[in-house]
1. Of all residues in region 201-242, how many are touching a Ser or Thr at 6+ places or on another chain (Cβ under 7 Å) and under 17 Å from Cys40 (Cβ atoms)?
2. Only one of (1) of a type in the set (A, V, I, L, M); (2) exposed (fewer than 14 other Cβ atoms within 10 Å of the Cβ); (3) over 21 Å from Asn162 (Cβ atoms) is not met by Ala144, so which one is it?
3. Go through region 191-235 residue by residue and tally those that are part of a loop (DSSP other than H, G, I, E, B), out of contact with any His (no Cβ under 6 Å at 6 or more places or on another chain) and buried (at least 23 other Cβ atoms within 10 Å of the Cβ).
4. Can you tell which of Ala238, Ala174 is aliphatic (A, V, I, L, M) and part of a loop (DSSP other than H, G, I, E, B)?
5. Filter region 61-96 down to residues that are outside any helix (DSSP H, G or I), over 18 Å from the mean Cα position of the chain (by Cα) and of a type in the set (Lys, Arg), then give me how many there are.
6. What number of residues within region 87-138 satisfy the criterion of being basic (Lys, Arg) and in contact (Cβ under 8 Å) with a residue 40 or more places away in the chain?
7. Return yes or no: is Leu29 touching a residue at least 60 places away in the same chain (Cβ under 8 Å), within 30 Å of Leu205 (Cβ to Cβ), in contact with a Gly (Cβ under 7 Å, 6 or more places away or on another chain) and of a type outside the set (Gly, Ala, Ser)?
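What follows is calculated from the coordinates using simple rules that are stated; it is not laboratory data. Remember, predicted model here, so these are calculated numbers, not experimental data. Note that we place each Cβ from the backbone using ideal geometry, even for glycine, and neighbour counts take in every protein chain shown.
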Amino acid sequence: MRTELHFHLLPGVDDGPETMDESLTLARLAVEDGTATVVCTPHARDVDVRTVPERVEQLRAELRAAGIPLKIVPGVELAQDDIARLGRAELEIAAHGPADRRWVLLEAPLFLDAPGLLEAAGELTARGYGLLLGHPERCADLMAVGGGLDELLQAGVRLQVNGSSLTGRHGDQAQEWALELARGGRVSVVASDAHRPTRGPVLTLAVAALVQAGVTPEAAERMVAATPRCLLEEGLAAPSLSRR
């Protein structure tokens, strides 16, 4: 079964679903898309991170009451300018994996500069966390030659591209970069980065887009199932990145 590592499912906290009903609709769509587990990843800038586990537990109760067979896990989507203000306890809420292989989801910036991302990545690794980099294909600075993506990959950072990029939702350039990264074997995880029912789960469509672009069906399915599940269970070692 598929596992979503980047998914805005908690109601009323960020630009994801506004109401519990919207969250439940989104959860049903995830199950219909073949997903068994969703990591709830609200933006750290929009929520008190310390409240996320309680919010997830409230949503679990609603899922059980509605008969929706979806496992949900607390998580947080970190932006580069969140890192300096978050303490260890908050980062642990955002993190996944066993004690010696904890990792966090760090989003590639859509509006900020990539050099700031590299500094934030260095700070997180200095604190002992592995990194899954969210939607790098949507960051033009990072994707440019010399933008820092190669440095991150060589150090051991893993990449998560958006299924919605693969299907063209974010424009031709993001789609081209996402497919280029996937065909080159540089993508570990594909996630929907779903926000509302109108921007819902797209793993099935993303797998189809990858296969159409020449990725083997086995490799495409691995990006939405085995690899994200393995990251949750087995974790990710902290890369070797220096602070800037």
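1. The number of residues fulfilling the criteria is 5.
2. (3)
3. Applying the first criterion (part of a loop (DSSP other than H, G, I, E, B)) to region 191-235 yields 192-193, 195, 197-198, 200-202, 213-216, 225, 235.
Checking the rest, the ones that are also out of contact with any His (no Cβ under 6 Å at 6 or more places or on another chain) come to 192, 197-198, 200-202, 213-216, 225, 235.
After this cut, where a residue has to be buried (at least 23 other Cβ atoms within 10 Å of the Cβ) as well, the list is 192, 201-202.
Final tally of qualifying residues: 3.
4. Numbers: Ala174 fails: part of a loop (DSSP other than H, G, I, E, B).
Of the residues listed, the single one that is aliphatic (A, V, I, L, M) and part of a loop (DSSP other than H, G, I, E, B) is Ala238.
5. Quick first cut of region 61-96, residues outside any helix (DSSP H, G or I) only: 67-82, 86-87, 95-96.
After this cut, where a residue has to be over 18 Å from the mean Cα position of the chain (by Cα) as well, the list is 67-69, 86-87.
This time we only want the ones that are of a type in the set (Lys, Arg), so: none.
Counting residues in region 61-96 that are outside any helix (DSSP H, G or I), over 18 Å from the mean Cα position of the chain (by Cα) and of a type in the set (Lys, Arg) gives 0.
6. Pass one, region 87-138, residues basic (Lys, Arg): 88, 101-102, 127, 138.
Applying the additional criterion that residues be in contact (Cβ under 8 Å) with a residue 40 or more places away in the chain yields 101-102.
So the answer is 2.
7. On the way: touching a residue at least 60 places away in the same chain (Cβ under 8 Å): yes; within 30 Å of Leu205 (Cβ to Cβ): yes; in contact with a Gly (Cβ under 7 Å, 6 or more places away or on another chain): yes; of a type outside the set (Gly, Ala, Ser): yes.
Yes; evaluated as a whole, the condition is true for this residue.
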